[in-house]
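First the structure, in the form of structure tokens, and then the observations on it.
Just so it is clear, none of the values below were taken in a lab; they were calculated from the coordinates. What you see is a predicted model, and the numbers here were worked out from it, not measured in a lab. When we count neighbours, we look across all protein chains shown, and the Cβ atoms used for this are built from the backbone with ideal geometry, even at glycine.
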Amino acid sequence: MKLVTAIIKPFKLDEVREALSGIGVQGITVTEVKGFGRQKGHTELYRGAEYVVDFLPKVKIEAAVADDQVERVIEAIEVGARTGKIGDGKIFVYDLEQVVRIRTGETGAQAL
Amino acid sequence: MKKLFASLALGLSLCLCTAAFAQTAPAAPAKTEAKAEAVPATAPAAAPAAAPAAAEATAAPVLVPNKGDTAWMMVSTVLVIMMVVPGLALFYGGLVRSKNMLSVLMQVMVTFSLITVLWFIYGYSLAFTEGNAYIGGLDRLFMKGIWDNAAGTFANAATFSKGVVIPEVTFAGFQATFAGITCALIVGAFAERIKFSAVLLFMTLWFTFSYLPIAHMVWFWMGPDAYTAKEVVDEMNNKAGMIWQWGMLDFAGGTVVHINAAVAGLVGAFMVGKRVGYGREAMTPHSLTLTMVGASLLWVGWFGFNAGSALEANGFAALAFVNTLLATAAAVLAWCVGEALMRGKASMLGAASGAVAGLVAITPAAGNVGIGGALVIGVVAGFACLWGVNGLKKMLGADDSLDVFGVHGVGGIVGALLTGVFNSPSLGGPGFVADWVTAGMVTAADFSVAAQVWTQAKAVLVTIVWSGVVSLVSFKLVDLTVGLRVTEEEEREGLDISAHGETAYHG
């Protein structure tokens, strides 16, 4: 089992969600985050005080998937989130040790 | 045990205050107490003076308050209250970080409440009764004499027209809001780091020793009805406040309110010290939306502040009204243009600040300048205050968190000086009353812009020095007793939690 984490541009969330539903991923967790990579921030000015804001708003998607699904999930996210401009984001894949469905107590692949 | 004793002491003093208020005044003769305001200017700020007793004016008719004027004054009072709560509170509140939002709202609301109470105990008396050139007397301590229960009559306050009066208590109420907002303005300078108890203690001292004397000096006079004949002119003039006697024109409080408060704020910013992390950490406004709401409430309410200072619903109130509209709009535009030229973009905060700058600058000028003059004052104030919060702020080097001096100080000074220019009949101004016996206005030929501007400048200087010294001493006293600042941990945590045990926003 793997935990696929992706940082994407916020307005791409709907496309990514649809793409993932399309390949059978039934649940994801979404968090609003901020961060930066090569995409530059902006400058804010309040009366005389200037602030350089490096952080940009992003969205983090996490999905727990079976090993044989990982390649398709990565492809779906890439296609859904890509704009071709700097700041599109990154995908990270973590090894997932255990999964439990709280309602029923199922574990492992059955809980995905 | 200490808390019980303190509670008992507080309760006892409250009872005594109530008892004093309940005292009926000794049977007030049917004298009309005319409270007059301000300087020979056509309609400077209100400063009623107790009219000579009816015993002297044997031929004086019993004056009855004008209903239209009284209604207008009550509406104006309500508008000024709205300026403070929630206008100023939100304007300031939106500018600070969310962890300090409630502390700013508290400091504004509670300061206003404190000053209102003190005003009706001793403030009104010391500002607007006969005393000497610097301060009034105790004739109206606890507002005694304001009505006569037995005869069923209320004392009257003079306006700027002979034979026209409003109830004195209406005037006192209007002026109470001025005292309150002046003190509330100051909190912006040391927001996000001052101790709550320090604010209240400082306000009590500063209100007593700076606001009251300056209000008396600038605005107190004997009223138009006291000027019955040429022979009494000198005598009546000598009973007025010192700055009034100089002939300084301050319609609604450029000196008394804005410069006074601004200097206190600047001194406070120096003495309380900079915020932790100032210059390194981001201290961005948490809600410019609320700041804009606050600025809008200030603009709307300011019509009561300026036009109400005419004390009548007459042509001068109408002039003050329109000037307040035009100067502010001009200042908004000026600030936006200035900012766009300086940084490439006009900002919401800039537009809101521009509005306040224009309002401050037109305050001494509202009923004292023509419409063209108001336009110029607005434009100049917009640019001047933009410099005040940028260049001047860097030069001064203090952490004046919400730019109290940059806007109210610079704007007040600009407005006060330009009032001396645009009051001139040759420049579209109404001029001032040169002879209160006949209510005759100064002629264009006799008006000297240089002389009037010099008079304005003298008043500005006196206000700056007086407020500066009183503030310095008051802050020092407060520092030595309760301490000025919260601890660094409390400042980092945010004053909402550390001082008030609350959060403004959850999640």
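Close amide H pairs (under 5 Å, H built 1.01 Å from N) link B:GLY494 with no residue at least 5 positions away or on another chain. For the segment A:49-57, counting C-beta atoms of other chains within 10 Å of every residue's C-beta and taking the mean gives 2. Axis of helix B:168-186 versus longest Cα principal axis of chain B: the two differ by about 30°, to the nearest ten degrees. Taking each of B:LYS144/B:LYS239; A:LYS9/A:LYS90; A:LYS34/A:LYS90; B:LYS99/B:LYS195 in turn, the alpha-carbon distance tops 18 angstrom for B:LYS144/B:LYS239.
Rounding to the nearest 10 and keeping the result within 0 to 90°, find how far the Cα-based axis of helix B:288-307 lies from the longest principal axis of chain B. That helix lies at roughly 10 degrees to the long axis. Sorting B:208-217, B:341-350, B:70-79 by their mean Cβ neighbour count within 10 Å, with the most densely packed peptide first, gives B:208-217, B:70-79, B:341-350. Between amide H atoms placed 1.01 Å from N, distances below 5 Å from B:ALA434 occur with B:GLY440, B:MET441, B:VAL442, all of them 5 or more places distant or on a separate chain. At q = 0.13, 0.22 Å⁻¹, what log₁₀ I(q)/I(0) does a Debye calculation on the Cα points of segment B:322-414 give, no solvent, two decimals? Calculated log10 I(q)/I(0) at the listed q: -0.36, -0.95. Using the Cβ-Cβ distance between B:SER98 and B:THR481 with R0 = 30 Å, the FRET efficiency computed as 1/(1 + (r/R0)^6) comes to roughly 0.45.
Here the Karplus curve 6.51 cos²θ - 1.76 cosθ + 1.60, taken at θ = phi - 60°, turns the phi angles of segment B:256-272 into couplings of 4, 9, 7, 5, 3, 5, 4, 5, 4, x, 5, 4, x, 4, 5, 6, 6 Hz, with x standing for Gly and Pro.
Of all alpha-carbon pairs in segment B:188-297, indicate the percentage at a distance above 22 angstrom. Distances greater than 22 Å cover 55 percent of the Cα pairs. Secondary-structure-derived ellipticity at 222 nm for chain B, considering helices only, amounts to -17500 deg cm²/dmol, per-run term -39500 (n - 2.57) for DSSP H runs with n ≥ 4.
Remark: relative contact order (segment B:315-360) = 44 percent; criterion is Cα-Cα distance under 8 angstrom and separation of 6 or more residues. The angle between the Cα long axis of helix B:410-422 and the longest principal axis of the Cα atoms of chain B comes to about 30 degrees, rounded to the nearest 10. Measuring how big segment A:6-112 is from its alpha-carbon positions, Rg and Dmax come out at 17.2, 59 Å. Put simply, when B:440-453, B:81-94, B:244-257 are sorted by average Cβ atoms within 10 angstrom per residue, most first, you get B:244-257, B:81-94, B:440-453. Partner aspartates and glutamates whose Cα lies under 13 Å from the Cα of A:LYS40, excluding those fewer than 8 positions away in the same chain, are identified as A:ASP54, A:ASP88. Solvent-free Debye calculation, one equal scatterer per alpha-carbon of chain B: log10 I(q)/I(0) at 0.10, 0.13 Å⁻¹ equals -0.72, -1.19. Sequence-ordered 3J(HN,Hα) estimates for segment B:188-202 from the Karplus curve with 6.51, -1.76 and 1.60 and θ = phi - 60° stand at x, 5, 10, 5, 6, 8, 8, 6, 4, 5, 5, 4, 5, 5, 4 Hz, glycine and proline given as x. The DSSP beta bridges internal to chain A are antiparallel in roughly 100% of cases.
Listed by chain and number, the aspartates and glutamates whose C-alpha is less than 14 Å from the C-alpha of B:LYS230, apart from same-chain residues fewer than 8 away, are B:ASP435. Averaged over the residues of A:35-48, the number of partner chain Cβ atoms lying within 10 Å of the residue Cβ comes to 4. Label positions at B:ASN132 and B:LEU341, each projected 7 Å from the Cα along the C-beta direction, are separated by 4.9 nm.
Using the alpha carbons alone, the radius of gyration of the protein assembly as shown stands to its Kirkwood radius in an Rg to Rh ratio of 1.13. For the peptide B:337-346, the mean number of other protein chain Cβ atoms found within 10 angstrom of a residue's Cβ is 1. For segment B:102-118, backbone phi angles converted through the Karplus equation (6.51, -1.76, 1.60; θ = phi - 60°) give residue-by-residue couplings of 5, 5, 5, 4, 4, 4, 5, 5, 6, 4, 4, 5, 4, 5, 4, 5, 4 Hz, Gly and Pro being listed as x.
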